[in-house]
């Protein structure tokens, strides 16, 4: 168990990170505006699975391996890039279905998978777990791995609260967009270009240095 002072310091660092909008917030707000509250909350669930992947990698030392292995890092990166760009092109080419108050033109499992990809490849989160996260772990302690996993869980819980709040706020704004029929534009063009942008961001992200 991390010391209480370490835990509070880590929570402060995590909150500071979560207050800075990044790819995850951009994705979930757009998904909520395009497809409604349920889709937004499913996107949050996917994002947090991605966060847990990053936290688990950090706890097991996989992040450090990725930082030193060019081949492994590039394999994971380009697989994600292809997925995000493919999703963006498909979104731009697909005519959304008729609008409803809380209907979705993308299946919930698809949204969940998209969230996992976005946060597993999120460079902001990757840099946090590679450069900041280790500072809160007592590597000389016999329970260092347990400390890492517990702090990872704390990170995911806080991220869920923040991202859930962002999604709920976006959901309230969606009602205004529905009245003006702007959701059609968001669903097709904004969503498509956001996925393309996320793909390009992932493509230009260099291998993290530990």
*asked:* Kindly evaluate residue 99 against the criterion of being in contact with a helix residue (DSSP H, G or I) (Cβ under 7 Å, 6 or more places away or on another chain), modelled with pLDDT under 80 and surrounded by fewer than 17 Cβ atoms within 10 Å (Cβ to Cβ).
replied: yes
*Going through the range 135-168 one residue at a time, which ones are more than 16 Å from the chain's Cα centre (by Cα), in a helix (DSSP H, G or I) and free of Cβ contacts under 8 Å to residues at least 40 places away in the same chain?*
135, 144
*Selection within the range 1-25 - crowded, with 16+ Cβ neighbours inside 10 Å and modelled with pLDDT under 85*: 2, 6, 22, 23
*asked:* Looking for something modelled with pLDDT of 75 or more, more than 17 Å from residue 90 (Cα to Cα) and either surrounded by fewer than 18 Cβ atoms within 10 Å (Cβ to Cβ) or in contact with a strand residue (DSSP E or B) (Cβ under 8 Å, 6 or more places away or on another chain) (or both) - is there at least one such residue anywhere in the range 170-187?
replied: yes
_Restricting to the range 107-123, count the residues that are surrounded by fewer than 16 Cβ atoms within 10 Å (Cβ to Cβ) and closer than 28 Å to residue 8 by Cβ._
0
_As an exercise: evaluate residue 64 against (1) under 15 Å from residue 126 (Cα atoms); (2) modelled with pLDDT of 90 or more and give the number of the one condition it does not meet._
(2)
*Can you pull out the residues in the range 1-43 that are within 22 Å of residue 133 (Cα to Cα), part of a helix (DSSP H, G or I) and under 12 Å from the mean Cα position of the chain (by Cα)?*
18, 23, 24, 25
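The values are calculated or read from the model by the stated rules, or taken from the named source; none is laboratory data. Since we're looking at a predicted model, the values are computed, not measured. Here the Cβ is made from the backbone with ideal geometry for all residues, glycine too, and neighbour counts use every protein chain on show.
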